[in-house]
Amino acid sequence: MLSCVYYSEYCTGWRCFVVNILLSLQVFCCVCSSTVRLKFGFNVIFTGSLQFNVLKDLKSSEELRHREMEAPPVTVMPVTGGTINMMEYLLQGSVLDQSMESLLHRLRGLCDNMEPESFADHELVYLLKGQQGNPFMLRARRSLLHPTAPWHLRYLGQPEVGDKSRHALVRNCVDVAASHSLPEFLNEMGFRMDHEFVAKGQVFRKGAMKVVVSKLLRVLATGNTENTEPLSLSYLVELSVLAPAGQDNVSEDMRSFAEQLKPLVHLEKIDPKRLM
């Protein structure tokens with residue numbers, strides 16, 4: 001596992017969290033000799049034990065050269081373990097408000113014998129726009145039912161929809177907990193909030209599969225989660241599984257489960273790009 005060693009007050013716990021996740025995703029890094037220079041102003045030096053030292057920008061080039069001479073030789077190793085290489089298999093659909101109770105009754109009969117989890121979450125979508133290419137997106141989510149619970153930062157990779165043998169959309173997924181200072185930190189890094197919404201609903205489980213039935217609400221005044229209105233007259237239904245890369249057999253189990261929900265809801269492999 002990766003670990004951080006801090007050399008100044010410039011890095012606090014909440015910075016450690018995002019530095020870890022962005023380094024693991026290899027999004028903001030460009031390798032230059034033994035030093036990795038991040039776009040938000042840190043110097044990162046990797047060590048052979050997969051530890052890295054986050055250093056504040058040094059005041060002089062002489063001090064920088066002195067620190068680099070003390071650093072162990074660079075060892076390039078793949079990141080394995082944790083949730084870094086996890087893939088999300090996803091099917092999506094919708095159900096009209098008047099059919100909602102029938103769907104919930106069906107899910108209670110098909111899913112594990114436990115009460116579904118109710119949730120009410122506030123999600124903010126942040127973009128970091130570069131000079132070229134698509135903007136980089138991160139999703140920050142907090143619970144409205146449990147205000148003291150940690151925030152969650154989520155990265156979703158580009159969907160893989162070209163393989164016709166797969167019955168589900170597949171994309172890289174990284175989801176980690178964060179402190180309540182997450183929005184301020186993302187703003188400091190250059191991210192800007194693109195939009196926000198509130199999601200309320202229930203979560204059902206069937207083994208490794210998760211079924212989320214949620215009503216999406218538009219936030220009418222920025223940051224005011226009490227002032228909302230429904231986005232549509234239907235509920236969003238998502239069937240998903242988190243699994244290591246290469247385990248495409250889970251999509252067959254998802255297809256079989258989705259068949260049992262027809263005709264109440266039709267869960268499909270939807271390419272987000274086609275909706276834009």
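The values are calculated or read from the model by the stated rules, or taken from the named source; none is laboratory data. Bear in mind that the values here come from a model prediction, so they are computed numbers and not experimental data. Every residue, glycine among them, receives a Cβ derived from its backbone with ideal geometry; neighbour counts consider all protein chains shown. These area figures cover heavy atoms from the full protein model, side chains too; ligands, DNA and RNA do not enter into them. Shrake-Rupley method; radii C 1.70, N 1.55, O 1.52, S 1.80 Å.
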* Distance histogram for segment 117-255 (every C-alpha pair counted, 5 angstrom bins, percent rounded to whole numbers) -> 2, 9, 15, 19, 20, 17, 12, 6, 1
* Structure fact -> Largest-first ranking of Val170, Val212 by accessible area, probe 1.4 Å, whole protein assembly kept, is Val212, Val170
* To do: Quote to one decimal, in nm, the extra length available between Ala120 and Asn85 on full extension: 0.36 nm per residue of separation minus the C-alpha distance between them.
  => 9.8 nm
* Starting at the first residue of segment 198-211, write each ³J(HN,Hα) from the Karplus equation 6.51 cos²θ - 1.76 cosθ + 1.60 with θ = phi - 60°, in whole Hz, x for Gly and Pro. => 10, 10, 10, x, 9, 10, 10, 10, 9, x, 7, 7, 10, 10
* To do: Please list Phe119, Phe257 in order of solvent-accessible area, largest first, computed with a 1.4 Å probe with all protein chains present.
  => Phe119, Phe257
* Accessible surface of Asp175 in the full protein assembly, 1.4 angstrom probe, to the nearest 10 Å²? -> 70
* Asked: In percent, what relative contact order does segment 175-253 have, based on Cα pairs under 8 Å that are 6 or more apart in sequence?
  -> 22
* Arg139 - accessible surface, heavy atoms, 1.4 Å probe, Å² rounded to 10 -> 60
* Asked: What is the magnitude of the charge dipole of segment 103-229 about its Cα centre, with +1 placed on the Cβ of each Lys and Arg, -1 on the Cβ of each Asp and Glu, and no other charges, expressed in debye to the nearest 20?
  -> 480
* Asked: From the backbone phi of segment 242-256, what are the Karplus-calculated ³J(HN,Hα) couplings (6.51 cos²θ - 1.76 cosθ + 1.60, θ = phi - 60°) in whole Hz, Gly and Pro given as x?
  -> 9, 8, x, 4, x, 8, 6, 5, 5, 5, 5, 5, 5, 4, 5
* To do: Any chance you could look up the accessible area of Ser181 with a 1.4 Å probe, heavy atoms only, rounded to 10 Å²?
  => 40
* Asked: Over segment 151-202, what percent of the accessible surface lies on carbon and sulfur atoms, probe 1.4 Å?
  -> 47
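Starting from the Cα-Cα distance between Thr148 and Gln260, subtract it from 0.36 nm times their residue separation and give me the gain in nm to one decimal.
36.5 nm
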* Asked: Which FRET efficiency, nearest 0.05, do Leu220 and Asp194 yield, Cβ-Cβ r, R0 22 Å?
  -> 0.85
* Asked: Short version: ³J(HN,Hα) in whole Hz for each residue of segment 130-138, in order, from phi by Karplus 6.51 cos²θ - 1.76 cosθ + 1.60 (θ = phi - 60°), x for Gly and Pro, what are they?
  -> x, 6, 8, x, 6, x, 8, 10, 10
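Let's test the formula: R0 of 35 Å, r as the Cβ-Cβ distance of Ser99 and Met137. What FRET efficiency results, to the nearest 0.05?
Calculated value: 0.65.
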* In square angstrom, what is the accessible area per residue of segment 102-230 with a 1.4 angstrom probe? -> 55
